[in-house]
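Read the structure below first, then the notes.
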Amino acid sequence: MKKLTAGLLAVAVVCVFAMPAGALAAKPVKYAGKTSGGHKVTFKLYGNKKIDDFETGIPVTCLSIQGGGAPMTGVDVWPNSWFPLNRTVKFQAMLTPAFYWKEVTNNFEVTTKKLRNGTIRGHLRKQYEFMVSKYPIGTFVIYSCLGEATFKAKPA
């Protein structure tokens with residue numbers, strides 16, 4: 001009887017100590033780092049599978065592909081998004097870019113990889129186009145914009 005009680009007590013102790021570890025694993029791990037353009041990157045990692053609340057800026061260059069406009073460069077905001085870890089994901093969103101006043105279709109691609117030391121690195125790509133009307137009526141400039149950056153982040 002004493003051996004049975006001691007065995008059950010040992011199993012109960014193991015279960016009690018194992019539960020908080022499982023509960024702690026469910027909480028997100030906050031990450032912070034920098035992009036190749038020098039912008040801050042922050043996000044949360046959920047269960048080594050999902051990156052959420054991803055926020056950063058990405059350097060973008062816009063070139064005129066028709067109509068002779070001047071090139072433009074600057075920073076666009078990466079949308080607050082989520083995606084799986086260790087994958088390449090492509091998605092689209094209707095957003096207002098930094099260089100235009102109206103929503104346009106933005107094409108995004110993100111690749112992430114978790115390294116053995118816990119660091120997460122990745123590659124970001126953003127592409128969109130827009131048209132600017134000019135004077136005289138019927139003339140316009142079409143811009144094609146592309147932004148690419150790599151990032152590296154560690155647990156905060």
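The values are calculated or read from the model by the stated rules, or taken from the named source; none is laboratory data. Just so you know, these numbers come straight off a predicted model, no measurement behind them. Neighbour counts run over all protein chains shown; Cβ positions are idealised from the backbone, glycine included. Please note that ligands, DNA and RNA were not included when accessible areas were found on the heavy atoms of the full protein model with its side chains. Shrake-Rupley method; radii C 1.70, N 1.55, O 1.52, S 1.80 Å.
Positive contributions from Lys and Arg (+1) and negative ones from Asp and Glu (-1), summed over other residues with Cβ under 14 Å from the Cβ of Glu129, come out at 0.
State the percentage of accessible surface on region 56-156 attributable to carbon and sulfur atoms; use a 1.4 Å probe and exclude ligands, DNA and RNA.
Numbers: 3280 of 5940 Å².
Summing carbon and sulfur atoms, their accessible area is 55 percent of the total for region 56-156.
When only DSSP loop residues count, what chymotrypsin sites (Phe, Trp or Tyr not before Pro) in region 24-128 have their Cβ near at most 11 other Cβ atoms within 10 Å?
Numbers: sites: Tyr31, Phe43, Tyr46, Phe54, Trp82, Phe91, Phe99, Tyr100, Trp101, Phe108, Tyr128; in loops: Phe99, Tyr100, Trp101.
Here the chymotrypsin sites (Phe, Trp or Tyr not before Pro) that fit, given the DSSP loop and packing criteria, are Trp101.
Neighbours of Ser36, meaning other residues whose beta-carbon lies under 10 angstrom from its beta-carbon, give a summed charge of +1 when Lys and Arg score +1 and Asp and Glu score -1. A 1.4 Å probe run over the protein chains yields, for region 73-118, 65 Å² of accessible area per residue, whole-number rounding.
Of all DSSP beta bridges confined to region 19-156, the antiparallel ones make up roughly 100%.
Quick one: net charge of Gly74's neighbours, Cβ under 15 Å, K/R +1, D/E -1?
Overall, the nearby charge balance is -1.
The Rg/Rh ratio of region 40-117, with Rg taken over Cα atoms and Rh as the Kirkwood radius over Cα pairs, comes to 1.05. FRET efficiency for Phe140 and Glu55, Cβ-Cβ distance as r, R0 = 30 Å, nearest 0.05? With R0 = 30 Å, the Cβ-Cβ based efficiency is 0.35. Calculated FRET efficiency, Ala70 to Thr96, Cβ-Cβ distance, R0 = 25 Å: about 0.75 to the nearest 0.05.
Test of the criteria: in region 53-151, which trypsin sites (Lys or Arg not before Pro) are in a DSSP loop and have at most 11 other Cβ atoms within 10 angstrom of their Cβ?
On the way: sites: Arg87, Lys90, Lys102, Lys113, Lys114, Arg116, Arg121, Arg125, Lys126, Lys134; in loops: Arg87, Lys102, Arg116.
Taking region 53-151 and a limit of 11 other Cβ atoms within 10 Å, the loop trypsin sites (Lys or Arg not before Pro) found are Lys102, Arg116.
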